[in-house]
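Scroll down for the structure; my scribbles are underneath it.
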Amino acid sequence: SITDDEELKEVIQDITSLNPKPGNNWGDSLALAMSTIIPDFIVESYNGELILSLNNRNVPELRVNREYSEMLQGYNENKKGVSSDTKNAVLFVKQKLDSARWFIEAIKQRQATLQRTMKAMVDFQYDFFLTGDETQLKPMRLKDIAEITSYDISTISRVSNSKYVQT
C-alpha cells in the first residue's frame with residue numbers, strides 16, 4: 001500500500017542520514033578516554049557480606065526499535081497487493097531485526113558468563129575480597145574456576161583475560 005512505501009522511504013532516509021563513523025566526533029579526547037580503565041566488575045563489602053555487580057555504566061541498553069517490529073507486523077497482516085520491492089524491503093528488515101535480536105541475546109549471554117565466572121572467583125577468594133588481606137589469597141587456577149562454573153577452561157581464560165574488578 002502507499003503508506004507502506006512511504007514508511008519504507010522514511011526508514012531508508014533515517015538510515016542514510018546516520019553517521020557511519022560516530023567515533024570520529026571524539027577527536028583528541030579519544031586517547032584520554034582509551035587510557036582510562038573502567039572496571040568490568042565491582043565487589044563491595046556490606047555488613048560482612050560481599051556484593052558483586054557487573055559494571056554496565058558504559059554499556060547502552062540494547063533493544064530493537066518497536067517501529068520496525070510494528071512495520072513487519074503490519075506487512076504480515078496485509079500481504080496482498082504489496083509490490084515485490086516492498087516484499088524485498090520487508091525481507092531485508094526482517095533479516096536485520098533477526099540479526100539485532102541475536103546480537104542482543106549474545107550480549108546477554110556474555111554478561112551472564114562474565115557474572116557467573118567472576119562470582120566463582122569471588123567465592124573462591126572470599127576471605128581476601130572481604131578483608132583485602134593478601135595473606136588470605138589461595139592459589140587459583142583456570143581449572144578450578146572451570147570446575148566450579150562447568151565452563152571449559154578456554155572459556156574461563158577468554159572471559160577473564162583483560163578484565164578489571166574494582167574492590
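The values are calculated or read from the model by the stated rules, or taken from the named source; none is laboratory data. Here the structure is a predicted model, which means the values were calculated and not measured. Please note: Cβ atoms are built from the backbone with ideal geometry, for glycine as well, and neighbour counts cover all protein chains shown. Ligands, DNA and RNA are stripped out before the accessible areas are found, and what is left, the full protein with its side chains, is counted by its heavy atoms. Shrake-Rupley method; radii C 1.70, N 1.55, O 1.52, S 1.80 Å.
Key figures for this structure:
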quantity	calculated
Unit charges on C-beta of K, R, D, E only; dipole of the chain, Debye	460 debye
Reachable lysines, given that their alpha-carbon falls under 28 Å from the alpha-carbon of Lys119 and they are not under 8 places away in the same chain	Lys108, Lys138, Lys143, Lys163
Cross-link reach list, lysines versus Lys87, counting only Cα pairs under 26 Å and skipping chain neighbours closer than eight places	Lys9, Lys79, Lys96
Residue-normalised accessible area of the chain, given per residue in Å² at a 1.4 Å probe	76 Å²
Contour excess over end-to-end distance, with Cα ends at Asp85 and Leu62 and 0.36 nm allotted per residue	5.3 nm
Antiparallel bridges, percent of DSSP beta bridges restricted to the chain (to nearest 5)	75 percent
Radius of gyration and maximum dimension Dmax of the chain, Cα, Å	23.4, 75
Ile42/Lys94 FRET efficiency (R0 25 Å; Cβ-Cβ; nearest 0.05)	0.05
Label-point separation, Ile153 to Val165 (7 Å along Cα→Cβ), nm	2.1 nm
Accessible surface ranking that places the most exposed of Glu147, Glu44 first, with a 1.4 angstrom probe	Glu147, Glu44
